[in-house]
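Below is one structure; the comments refer to it alone.
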Amino acid sequence: MADGTPLSLRWREAACAIRTSYRVKDAWHIGARCWADGATGNVPIKLEMRGERLMLDWAGAPAEELRRCP
């Protein structure tokens, strides 16, 4: 996730305000209020370490592997 403050984040065309966050084992669960394409909604987000990989689960979309910038 890029371009955010400690209480906000951006992913692709969405801008979000973080409402809640908590950690369970190797996963961070984030409750966010997001704006994109004129729509606003509450979005559940999960970041989870799987071995050496960081996986992003954004509002039930297929999980994506995030990679470090070179």
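The alpha carbon convex hull volume per residue for the chain rounds to 99 Å³. Surface exposure of the chain, expressed per residue as accessible area with a 1.4 Å probe, stands at 75 Å².
Taking every alpha-carbon pair under 8 Å whose residues sit at least 6 apart, the chain reaches a relative contact order of 18 percent. Per the Kirkwood formula applied to alpha carbons, the range 13-53 shows a radius of gyration over Rh ratio, Rg over Rh, of 1.08. Using θ = phi - 60° and the Karplus form 6.51 cos²θ - 1.76 cosθ + 1.60, what ³J(HN,Hα) does each residue of the range 20-28 get, whole Hz, x for Gly and Pro? Calculated HN-Hα couplings, in order: 9, 7, 7, 10, 10, 6, 9, 10, 9 Hz. Near Gly51: Cβ cut-off under 15 Å, other residues only, Lys/Arg at +1 and Asp/Glu at -1. The net charge is +1. Under the combined filter of DSSP loop state and at most 14 neighbouring Cβ atoms within 10 Å, the chain retains these GluC sites (Glu not before Pro): Glu13, Glu52. A cut-off under 12 angstrom between Cβ atoms defines the neighbours of Ala36, and their net charge, with Lys, Arg +1 and Asp, Glu -1, is +1.
The values are calculated or read from the model by the stated rules, or taken from the named source; none is laboratory data. Since we're looking at a predicted model, the values are computed, not measured. Every residue, glycine among them, receives a Cβ derived from its backbone with ideal geometry; neighbour counts consider all protein chains shown. Protein only, heavy atoms only, side chains kept; ligands, DNA and RNA dropped before computing areas. Shrake-Rupley method; radii C 1.70, N 1.55, O 1.52, S 1.80 Å.
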